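The structure appears right after this line, and notes come after that.
Derivation of every value follows stated rules applied to the coordinates shown; laboratory data play no part. Since this is a predicted model, take the numbers as computed values, not measurements. Counting neighbours? That spans all protein chains shown, and the Cβs are built from the backbone with ideal geometry, glycine included.
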């Protein structure tokens, strides 16, 4: 009985703090300002249907040249979280067809996070290209 | 016998601890979290010692079992000191850190004595059981204490992101260890549960490494960003 009580309490508190930790991580990751290259994308994410824009940002990421090796592990985790939110939204009842504001805000944060990755990739590629052009001219 | 999974988990935790200590020598602002750094240093030393004892005496030896449980109890007590340090950081601007330190020390001593007394009554002979249950009690108390620190943190108007991440990471660690300990008591035959505790143990230094290296001391997180679900 004592162990069961500890298990229930510990599970609730761990889940509660786990969600808080994840939110803080996502928030800290999405605090970077977007450059001119992706500013319009950021405005679009903030728009009325911005919560569904992660797929578009991911498609843009795929077509953007990538200089570094390895996959985008962070994006995989964020993509899974976005999918989980999408499924939750479908399962939750919608009074009057309205979207859940919390889920919409979380999905926007996911899309914004991907936009930051895209922004960083564009910046790195531009810098590399600028370096190449300078090298060939000198 | 330890498998590749155990080794990878051990290595990840150890490398993260070394990284935190190396980062602290590079970034002097981290010296504000002295108690936390002391705990990480103790963790790193413990990893080396436990590895040496494991290699010399084996996983099922009494030497290793005794070392594991008693070092875990000492490390948990050191972690309490680290949480106390975080508490002092929260109250620094309100000039209550001296009183708070004294109060926390009293609470810590009471909790340790209480946990020891209860466990001694239950297990007068088996020393490893004593250490195991003592740790379980400490984890649970640590979880409650961390949650209280979390409430204190939220009561501030502009919580520092670094503190938010540190406190929640400790809370997840204590909560996870308490849950793992309770699950092991409820289902002792379930071997998969034995992986939970080392994984939680490795996650904490990894989380500390991320927080110290990526999150600046000045970063603040608005309360509404944290209070979204419940």
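Laid out as a table, the results:
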{"read-out": "Order of B:195, A:112, A:16 - criterion: other Cβ atoms within 10 Å of each residue's Cβ, fewest first", "value": "B:195, A:16, A:112"}
{"read-out": "Per-residue Cβ neighbour rank within 10 angstrom, fewest leading, B:151, B:167, B:206, A:6", "value": "B:151, B:206, A:6, B:167"}
{"read-out": "Residue order, fewest to most surrounding Cβ atoms within 10 angstrom, among A:63, A:56", "value": "A:63, A:56"}
{"read-out": "10 Å Cβ neighbours from other chains, averaged over peptide B:174-183", "value": "6"}
